[in-house]
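Asker: Okay, here's the structure, questions in a sec.
The values are calculated or read from the model by the stated rules, or taken from the named source; none is laboratory data. The structure presented is a predicted model; accordingly, all values stated were derived computationally and were not measured. We place every Cβ from the backbone using ideal geometry, glycine too, and count neighbours over all the protein chains shown. Side chains included, ligands, DNA and RNA excluded: accessible areas come from the protein's heavy atoms. Shrake-Rupley method; radii C 1.70, N 1.55, O 1.52, S 1.80 Å.
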Amino acid sequence: MAPSAISTDRIKKAVVDAHKKHKSKRGGKNASYIPILGQVPSKLFGVCVATVDGQIFTAGDARYEFALESISKVFTLGLVIEQRGPEQFRGKVGVDPTGHPFNSVLALELHNDKPMSPLVNAGAISTISLVEAIDAEDRWRQILGVQGDFAGRPISMSEAINASEQATNFRNRAIAWLLRDGGYIYCDPMEACDIYTRQCSTLVTTVDLAVMGATLANGGSNPLTGTKVIARANVAHVLAQMAMEGVYTRSGDWAYTVGLPAKSGVGGGLVAVAPGQLAIAAFSPPLDEAGNSVRAQAAVAQIAHTLQLGLFNVPPRNE
Ligand code: GLU
């Protein structure tokens, strides 16, 4: 396993400092359009870095389990690119940012119902329909399995979160039918929507999220278990999507200010990947207007800056 280039003392300090600095940061609101997410204590705040050599650094509520939500899109994307290959995936779903909110129907209208990006709801539902499965149960089993492979431990779904989401996911059902109309859904639309809702309702900790990101940072091999989850070549495609559309309509701003591929979810989680080095994860429920956790963004950005991880940083030249 490749050693992380940054000293453990620097990482440890960066994690503790980021948690300390932002734990009383105000602003944002829990997602409430999924009722159960509105009930999660807003002051929870966890931070974790996981390195490609399997070291874990935590601060705050890093072992609290929360809903993975939109971050699930990343791992199903990895599974489907493995099964279908990057070219077929590009044609059947698309790989361009929409520039619109994650649940936009307008974005579909503008592109003849083509989802464009796998990291918005439409594209994620289409991606799920591409899993090579014999039936719905098999499709779900594979998706849950890949989440566990990325995390390095079995992941399970919260029945309570799933029930709350299934009772309110009318918009996603409408999106699934529009995809069906446009020819961009490749199984029963309601099966894809049901499994999309379930994959959003799984429980992870901030540590899990960091390990999931570190598996990407490590070229697709889980740094804790050694399991080869996806091919190194496919990691590049997944990270490119995270860089393009990972933090909703703030993705451009995030690239400009932080410069790392990342993905957030309305449960309050956020993970950013420094390829070949480490992943930074944070969790706190209050969200900004785009759907990103306010504290998690601040903490992850601070750690990325402190450790100088931005991919667009040009190293100084010795002249
Ligand atoms: N289950 C949520 C939805 O479909 C996930 C949204 C998100 O985290 O972006 O609305």
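Asker: If we keep just the residues of segment 244-261 that are in contact (Cβ under 8 Å) with a residue 60 or more places away in the chain and more than 18 Å from residue 79 (Cα to Cα), which is most open to solvent (accessible area, probe 1.4 Å)?
Answerer: Kept after step one, since they are in contact (Cβ under 8 Å) with a residue 60 or more places away in the chain, are these residues of segment 244-261: 244-246, 248-249, 251.
Okay, now just the ones that are also more than 18 Å from residue 79 (Cα to Cα), so 244-245, 248-249, 251.
On the way: 244: 95, 245: 7, 248: 13, 249: 78, 251: 8 Å².
Among residues in segment 244-261 that are in contact (Cβ under 8 Å) with a residue 60 or more places away in the chain and more than 18 Å from residue 79 (Cα to Cα), the one most open to solvent (accessible area, probe 1.4 Å) is 244.
Asker: Follow-up. Out of curiosity, is residue 101 within 13 Å of the ligand (Cβ to nearest atom), surrounded by 16 or more Cβ atoms within 10 Å (Cβ to Cβ), more than 21 Å from residue 141 (Cβ to Cβ) and within 17 Å of the chain's Cα centre (by Cα)?
Answerer: Numbers: within 13 Å of the ligand (Cβ to nearest atom): yes; surrounded by 16 or more Cβ atoms within 10 Å (Cβ to Cβ): yes; more than 21 Å from residue 141 (Cβ to Cβ): yes; within 17 Å of the chain's Cα centre (by Cα): yes.
So residue 101 fits the description; yes.
Asker: Could you list all residues from segment 273-299 that are within 16 Å of the ligand (Cβ to nearest atom), open to solvent by less than 10 Å² (accessible area, probe 1.4 Å), within 22 Å of residue 238 (Cα to Cα) and not hydroxyl-bearing (Ser, Thr, Tyr)?
Answerer: 281, 282, 283, 291, 292, 296
Asker: Another question, then. Looking only at residues that are small (Gly, Ala, Ser) and away from the ligand (no atom under 16 Å from the Cβ) in segment 43-69, which one is surrounded by the fewest Cβ atoms within 10 Å (Cβ to Cβ)?
Answerer: Pass one, segment 43-69, residues small (Gly, Ala, Ser): 46, 50, 54, 59-60, 62, 67.
Next, from what is left, pick out any that are away from the ligand (no atom under 16 Å from the Cβ): 46, 50, 54, 59-60, 62.
Numbers: 46: 27, 50: 32, 54: 17, 59: 22, 60: 25, 62: 24.
In this case the residue turns out to be 54.
Asker: With respect to the numbered conditions (1) among the basic types (Lys, Arg); (2) outside any loop (DSSP other than H, G, I, E, B); (3) more than 29 Å from residue 205 (Cβ to Cβ), which one is the sole condition not fulfilled by residue 139?
Answerer: (3)
Asker: Out of 139, 198, 180, I need the residue that is touching a Phe, Trp or Tyr at 6+ places or on another chain (Cβ under 7 Å) and open to solvent by 10 Å² or more (accessible area, probe 1.4 Å). Which one? Full working, then the answer.
Answerer: Numbers: 139 fails: touching a Phe, Trp or Tyr at 6+ places or on another chain (Cβ under 7 Å); 180 fails: touching a Phe, Trp or Tyr at 6+ places or on another chain (Cβ under 7 Å).
When all the criteria are applied, what remains is 198.
Asker: Separate question: Mind listing just one residue for me: the one in segment 158-174 that is in contact (Cβ under 8 Å) with a residue 40 or more places away in the chain and under 12 Å from residue 121 (Cα atoms) and, of those, farthest from the chain's Cα centre (by Cα)?
Answerer: 174
Asker: Step by step: first the residues of segment 27-42, then only those that are in contact (Cβ under 8 Å) with a residue 40 or more places away in the chain and either hydroxyl-bearing (Ser, Thr, Tyr) or out of contact with any Pro (no Cβ under 8 Å at 6 or more places or on another chain) (or both), then the one that is least open to solvent (accessible area, probe 1.4 Å). Which residue is that?
Answerer: So in segment 27-42, the residues in contact (Cβ under 8 Å) with a residue 40 or more places away in the chain come out as 27-31, 33-37, 40-42.
Restricting the remaining residues to those that are either hydroxyl-bearing (Ser, Thr, Tyr) or out of contact with any Pro (no Cβ under 8 Å at 6 or more places or on another chain) (or both) gives 33-36, 42.
Details: 33: 118, 34: 8, 35: 64, 36: 42, 42: 56 Å².
By that ranking, first place goes to 34.
Asker: What number of residues in segment 104-132 are open to solvent by 30 Å² or more (accessible area, probe 1.4 Å) and either in contact with a helix residue (DSSP H, G or I) (Cβ under 8 Å, 6 or more places away or on another chain) or of a type in the set (A, V, I, L, M) (or both)? Can you show your working first?
Answerer: Residues of segment 104-132 open to solvent by 30 Å² or more (accessible area, probe 1.4 Å): 105-106, 109-112, 114, 116, 132.
From the residues that got through so far, the ones that are either in contact with a helix residue (DSSP H, G or I) (Cβ under 8 Å, 6 or more places away or on another chain) or of a type in the set (A, V, I, L, M) (or both) too are 105-106, 110, 112, 114, 116, 132.
The qualifying residues number 7.
Asker: Which members of segment 155-190 meet the condition of being assigned to a loop (DSSP other than H, G, I, E, B) and over 30 Å from residue 205 (Cβ atoms)? Please lay out each step first, then the result.
Answerer: Taking segment 155-190 as the starting set, the residues that turn out to be assigned to a loop (DSSP other than H, G, I, E, B) are 155-156, 158, 167-169, 183-188.
Result: 183, 184, 185, 186, 187, 188.
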